[in-house]
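Read through the structure below, which is laid out as structure tokens, and then see the notes.
The values are calculated or read from the model by the stated rules, or taken from the named source; none is laboratory data. Bear in mind that the values here come from a model prediction, so they are computed numbers and not experimental data. Cβ sites come from the backbone with ideal geometry, for glycine too, and all protein chains shown count toward neighbours.
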Amino acid sequence: MSNKTIREIAEAWKEYKRPYVKQSTMAAYVLILENHVLPEFGDNDSLHEHEVQAFVLKKIERGLSVKSVKDILIVLKMVMKFGVKNEWMKHYEWDIKYPANNQPKELEVLSVANHKKILDYVQHNFTFMSLGIYISLCTGLRIGEICALKWSDINVADGTITVQRTIERIYVVEGDKKHTQLVINTPKTVNSCREIPMSKELLAMVKPMKKVVNGDFYVLTNEDKPTEPRTYRNYYNRLMEKLDIPKLKYHGLRHSFATRCIEAGCDYKTVSVLLGHSNISTTLNLYVHPNMEQKKRCINKMLKSLGK
């Protein structure tokens, strides 16, 4: 066995991995390596549990979420596995513990009143840019999916929107040069390619426009060039300020859509499919937190079925 450092193994692993993953996924891996893995472990030629455990606690103390730290460890494990397979390092098992008090943060969602307020505002003050916010609130589309939406994805005959691409700015490292670039990609996962029905109001809004727009143009710009998520996020923040709505990340519109679906009693599987989640457990973990009233109703329903 000829031991190599984690830095050397990571370099070889990147070249091996590149052909098999999306460019945006690779960019995320490289960012994790550059910012977290290599500064800590780059010169090591082994990865013992106690070192990895200390690293995890340090990252959480510095404010990183448990999810972010787990994402870092996924990359670290892939690099180690690759090193072991090539006989450049030894394999070590880790059993990593996370602090118990790391409670998941409450999801930020719009109040019902503010949800309606935005929908009303867009209906009465229509612009192509504001239409994107309306669509997100009625369909749960992510910001990258909204920015990449073309008029040809909107089918007024069937009353559906097809999600088949996303736009994101990714971080590219070429040797010592680092830069970012805008890429248009297929969505996050296979399940993210989906068809979503439009509400009556949304359909009424886009139907007359579909007769005159160019199908190849992007909805938000009504041009052949898209707007990028960062620019659109700034537009959204300004609009929320104008409407005097408390600060909420753009992704909160997606959370608001999903929360309203759950509150309305939609079945969880359907909500999961609408959101394009790869499995229903993601939807359940994020949005389904029954309150005491719902728990009581559930128990009463069960007893009623027993004839009690």
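Restricted to the stretch 79-107, and to residues there that are touching a helix residue (DSSP H, G or I) at 6+ places or on another chain (Cβ under 7 Å) and part of a helix (DSSP H, G or I), the residue that is surrounded by the fewest Cβ atoms within 10 Å (Cβ to Cβ) is Phe82. With the structure loaded, tell me whether Tyr29 is of a type in the set (Phe, Trp, Tyr), touching a Leu at 6+ places or on another chain (Cβ under 9 Å), over 30 Å from Asn291 (Cβ atoms) and not assigned by TED's automatic domain parsing to the domain that holds Leu182 or whether it fails that test. Taking the combined requirement at face value, the residue does not satisfy it.
Can you say whether Thr139 is more than 20 Å from Arg238 (Cβ to Cβ), surrounded by 17 or more Cβ atoms within 10 Å (Cβ to Cβ) and not aromatic (Phe, Trp, Tyr), as far as the supplied structure shows? Yes. Looking across Tyr20, Tyr29, one residue alone is of a type in the set (Phe, Trp, Tyr) and touching a residue at least 40 places away in the same chain (Cβ under 8 Å). It is Tyr29. The C-beta contact set for the stretch 226-247 (first residue assigned by TED's automatic domain parsing to the domain that holds Trp151 and closer than 19 Å to Asn185 by Cα, second residue buried (at least 18 other Cβ atoms within 10 Å of the Cβ) and among the small types (Gly, Ala, Ser), distance under 7 angstrom, 6+ apart or interchain) comprises Pro226/Ala148; Pro229/Gly144; Tyr232/Gly132. Against the conditions (1) surrounded by 14 or more Cβ atoms within 10 Å (Cβ to Cβ); (2) more than 17 Å from the chain's Cα centre (by Cα), Lys116 satisfies every one except (1). May I ask you to verify whether Pro39 is at pLDDT 90 or above and closer than 20 Å to Thr189 by Cβ? It is false that Pro39 is at pLDDT 90 or above and closer than 20 Å to Thr189 by Cβ. What about Ser24, is it of a type in the set (Ser, Thr, Tyr) and outside any helix (DSSP H, G or I)? Here the answer is no, as Ser24 does not meet what is asked. Pairs linking a residue in the stretch 151-162 that is in contact (Cβ under 8 Å) with a residue 12 or more places away in the chain and on the phi < 0 side of the Ramachandran plot to a residue that is acidic (Asp, Glu) and exposed (fewer than 15 other Cβ atoms within 10 Å of the Cβ), with Cβ atoms under 8 Å and 6 or more positions apart or on different chains, are Trp151/Asp216; Ser152/Asp216; Thr160/Glu195; Ile161/Glu195; Thr162/Glu195. Could you list, in sequence order, all residues of the stretch 231-248 that are of a type in the set (D, E, K, R) and modelled with pLDDT of 95 or more? Residues satisfying the conditions are Arg233, Arg238, Glu241, Lys242, Asp244. For the stretch 36-66, residues that are more than 27 Å from the chain's Cα centre (by Cα), of a type outside the set (A, V, I, L, M, F, W, C), assigned to a loop (DSSP other than H, G, I, E, B) and surrounded by 12 or more Cβ atoms within 10 Å (Cβ to Cβ) total 5.
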